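To keep things clear, I will list the structure first and then write my remarks on it.
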């Protein structure tokens, strides 16, 4: 029999070799970013890892709905449609945070640098938010959320979970004329791995023209499939972060709970249908249909 100590030593050596290989790969990816060769989408598009658009990392909930905060002892587990999961710690992210992050990533790509600098005014113009005090504050709060949250990505393309942050760090001035600085990528982080090959390209003009929420989430989701296949209403609703399940209540019997859940699914169907109509109106979808059994099928329009 092989001694347990020998097995442990072999396992330790293997893990160190994997860590060294991953570190080397991350250095190479960072060099590719500096050379302008990491990601090749044009400026009219925005890139995002497939894992992020196939789950509710950036939930499509109503802005008026209170954001949940998830602690390390009780993190949020987010299922990725198609396989995998994201473990999330921090204040819940929404579609507005996704727009801010997409712009930061694109600036980093365009500047060929892990660090980007900008005035809040110019940034707000790029994402088409009003250039007023409320938007400046909203932008800063969004950057704070992105910088302070932590995620672990368990995906089919990795041999283990990858821990990462969406923003490494940031600086901002006391007035709106000062340059803000955000470090999006760093060599010490795993974020660049997620942009290695499997990422989606979103048409930026279309994305900003859509109603923020389920419409933008569906645009991101269907952009990750060249030829989208059918999905149940429940799958898309859960993927977008809509609440379908009923909270536990000992006073509520099963029949009432089932009826309430069906009502939520019906409401989700209405929201998804309106969002699909918006995607068609804006030229992203050629057509769509929702079957009597709640199966959603879409046909993407040809790329413009």
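Hey, got the Cα dimensions of segment 82-123 along the principal axes, in Å, largest first?
So the extents along the principal axes, rounded to whole Å, are 35, 21, 17.
Would you please report the Å³ per residue occupied by the convex hull of the alpha carbon atoms in segment 153-304?
Details: hull volume 31.9 nm³, N = 152.
It is 210 Å³ per residue.
Using Cα centres only, tell me the gap between segment 164-225 and segment 91-152 in whole Å.
7 Å
What does the highest-first list of 88-98, 146-156 look like by mean Cβ count within 10 Å? Mind dumping the intermediate values first?
Numbers: 88-98: 21.7, 146-156: 18.2.
Descending mean neighbour count gives 88-98, 146-156.
So how do 217-226, 42-51, 119-128 stack up, highest first, on mean other-Cβ count within 10 Å?
Working: 217-226: 21.6, 42-51: 18.5, 119-128: 15.9.
In decreasing order of mean packing, 217-226, 42-51, 119-128 become 217-226, 42-51, 119-128.
Since every read-out is calculated from the coordinates, none of them should be taken as a lab result. Quick caveat: nothing in here was measured; it's all calculated off a predicted structure. No Cβ is skipped: glycine too gets one built from the backbone with ideal geometry, and neighbour counts run over all protein chains shown.
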